[in-house]
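Data first, discussion second: the structure below is written as structure tokens.
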Amino acid sequence: MSALSGKVAFVTGAGRGIGRAIAVKLAAAGAVVAVTDLHPARFEGERYYRLRKRFSGDDEAVSTTEAIVAAGGQAREYQLDVADVDAVRRVVHSVTEELGPADILINNAGIVNNISTIEDMDPDAWAHEIQVNLSGAFHCTQALAPGMAERGWGRIINISSVAARQPGLGQPSYTASKAGVAAFTQSVAQEFGPSGVTANAIMPGLIGTPLVLSMPEQIRTASIKRVPVQRLGTPDDIANLALFLASEEASFITATAIPCDGGMLGAPLGGFN
């Protein structure tokens, strides 16, 4: 495939799961991919660091890049903490110098590490999740969207969640951040649409990422009963939609949040027996 030949894609959180699948898919379509992720050792919180280490090697961005290159694609890895606005600006400058200006931005980087009631939630934990999930998308968009507008073409795809519309108990900060991502997407679309830049959000449902697959089997089974197609989604399910939204064929689609959830949002709350 060469539908994205000549395009540069900037993908955050591309070391594993959905981000990795999107990076690989864009590269297979001809894009040169800036694979960005935060080295696990730099994550705040010993518990979350141990969780990440269980699922992958030390340098996930390198692993994704190697997979793309081995398949004949073009990619380069960059270590990036999207919550750090100065780091975002530095990496964007490096990508522009080394690969070229980005035409496609995938704001995928995010965390789910605050399971708490509102009453008991640590304000610092709340702020951290908002900073990574929502402010990170803002930082990258602010750094890249104006350049896309100047060149008259761009695709911005933000990864939200079905939690933005159907919150889960004990996830107030995650829910708020992902709802914010969906609303922020509309603002981006309005501001940059006249210059040829589209902005859309994808709302994944229950996806078979390492974190979900690590759930106790009985919890995972109960969750799948809420999905009409009766299976977990895969990272490739999300990547397929992202590839379409990044293409020329999606030029009239913007300012929307598209569920990719196997029908989860439309299912009865009690699920299917």
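Here, each number is a calculation from the coordinates, and none is a lab measurement. Just so we're clear, the structure is a prediction, and the values are computed from it rather than from any experiment. Positions of Cβ are generated from backbone atoms using ideal geometry, with glycine treated the same way; all protein chains shown enter the neighbour counts.
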When LYS7, LYS225, LYS25 are ranked with the fewest other C-beta atoms within 10 Å first, the list becomes LYS225, LYS7, LYS25
Here the net charge surrounding ALA145, from other residues whose Cβ is less than 14 Å away from its Cβ (Lys, Arg +1; Asp, Glu -1), is 0
Using alpha carbon centers only, segment 91-107 is separated from segment 109-145 by a whole-angstrom value of 23
Expected unfolding gain across ILE118-SER223 under the 0.36 nm per residue rule, minus the alpha-carbon gap, is 35.5 nm
A correct Kirkwood calculation over the Cα atoms of the chain returns a hydrodynamic radius in Å of 18.7
Of GLY154, GLY19, GLY263, the most mobile residue in a GNM of the chain (C-alpha springs, cutoff 10 Å) is GLY263
Helix 60-70 sits off the longest principal axis of the Cα atoms of the chain, rounded to the nearest 10 on a 0 to 90 degree scale, by 60
To the nearest 10 degrees, the tilt of helix 172-192 (Cα long axis) against the first principal axis of the alpha carbons of the chain is 30
Quick calc: nm separation of the 7 Å Cα→Cβ label points for GLU66 and LEU265 -> 3.8
Full extension between LEU169 and GLN190 adds, at 0.36 nm per residue less the Cα distance, a length in nm of 4.3 nm
Projected onto their principal axes, the Cα atoms of segment 67-223 stretch, largest extent first, over whole-Å spans of 48, 38, 26
Which of ALA27, ALA67, ALA164 fluctuates most in a GNM of the chain (C-alpha springs under 10 Å)? That residue is ALA67
With Cα coordinates, the longest principal axis of the chain makes an angle with the long axis of helix 136-151, in degrees rounded to 10, of 30
When the chain is treated as a Gaussian network with springs between alpha carbons less than 10 Å apart, the largest mean-square fluctuation among ASP236, ASP86, ASP120 is found at ASP120
Contour minus Cα-Cα span, GLN74 to PHE252, at 0.36 nm per residue, comes to 61.3 nm
